[in-house]
Amino acid sequence: MYQDVVTGAPDLSKLHFETMQVSKKGNILEVWLDRPARRNAWNARMHHEMEEMVVNYAEDDPEVKVIVVRGRGPVFSAGHDLYEVAAGYASVGKPGGWDPHRRPGPTGVWYCSKPILVGVHKFVGPIAWAFLGDADFVIATDDTRFSLEQARMGGGSAGGTSRHFHLPPKVWKKLIMMGGWMSADQALEYGFVSRVVTRDKLDEEVEKWATEICKVPLKQLQAAKVNVHRQWEAMGFLTSFMQSRADGHGSEEDMEWFKKVVNEGLVNALKERDTPFDQSVSRV
């Protein structure tokens, strides 16, 4: 549940991050996804660090008013670490990187009572896009591609995300059923992102928004965010997790594709997956 009680800040220097860089500047907790060699793909460790370590630290530090998340390297995040997923299939016949005992429902990011501001550039893959859905504000560069192309092959659950609350139903169907994608301008049109800027203006715009957020009293920020999230929950947000457990993982085609990832490499597997599709049709 929401962590409404602040108990005092832990020592940030004692937290060991493997997939991101985290530092505090005044009232801002700065987080950089830092797996550029893997295009900042989310593996099990990154999920843990974001959902448990970052969120818990921010909740416990009364000085933190906003969490700002960015990505190192050429893209914000390719999405899921498909090598980790494929390795699970190769060893135990199930997607790797998931906790089999985890109950269906929102992530720790959803229950964070403090604002989360994200600056994205170039590419946002499926699981990274799900993270943005649970964040509060998104600033995107004008060349950003928001991708759900993984739904073509390799799985693409309609659950585990709040994106279906952000987007019109037929847009969401296009994305999740056909493995579609949208541009930054389209994301702005649907209200999924707050601003679209050129790449050279991203840092400046993110800093501007973080500074504005910090001008609001912390208790007011938290009360406003928690109230909005609880309103969504009253409209069926939590129930939707229980109704959307089906996904593409486990089909014969899915298994064969992940074998190609293991045996032939991700680049070749993605090329084989995506080449037959018409980009003009795939775009929302």
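The values are calculated or read from the model by the stated rules, or taken from the named source; none is laboratory data. Because the structure is predicted, anything quoted here is derived from the model rather than measured. Virtual Cβ from ideal backbone geometry, glycine too; neighbours counted across all protein chains shown.
For this structure, a couple of remarks:
- Of the residues examined, residue 218 is not one that is surrounded by 16 or more Cβ atoms within 10 Å (Cβ to Cβ) and free of Cβ contacts under 8 Å to residues at least 12 places away in the same chain.
- Within segment 69-99, tally of residues that are β-branched (Val, Ile, Thr), part of a helix (DSSP H, G or I) and at pLDDT 70 or above: 1
- Among residues of segment 100-116 being in a loop (DSSP other than H, G, I, E, B) and modelled with pLDDT of 90 or more, the one that is surrounded by the fewest Cβ atoms within 10 Å (Cβ to Cβ) is 111.
- Hits in segment 21-52 (condition: more than 20 Å from residue 78 (Cα to Cα) and not hydrophobic (A, V, I, L, M, F, W, C)): 23, 24, 25, 26, 27, 30, 52
- Selected residue (only one of 210, 187 is closer than 17 Å to residue 145 by Cα and part of a helix (DSSP H, G or I)): 187
- From the options 193, 206, residue that is in contact with a Ser or Thr (Cβ under 9 Å, 6 or more places away or on another chain) and either within 18 Å of residue 281 (Cα to Cα) or of a type outside the set (S, T, N, Q) (or both): 193
- Enumeration of residues in segment 128-140 that are outside any loop (DSSP other than H, G, I, E, B) and either under 11 Å from the mean Cα position of the chain (by Cα) or buried (at least 21 other Cβ atoms within 10 Å of the Cβ) (or both): 128, 129, 130, 131, 132, 133, 134, 138, 139, 140
- Looking only at segment 55-68, residues that are part of a helix (DSSP H, G or I) and touching a strand residue (DSSP E or B) at 6+ places or on another chain (Cβ under 9 Å) come to 3 in all.
- Conditions (1) in contact with a Phe, Trp or Tyr (Cβ under 7 Å, 6 or more places away or on another chain); (2) of a type outside the set (Val, Ile, Thr); (3) part of a helix (DSSP H, G or I); (4) buried (at least 19 other Cβ atoms within 10 Å of the Cβ): number failed by residue 182: (3)
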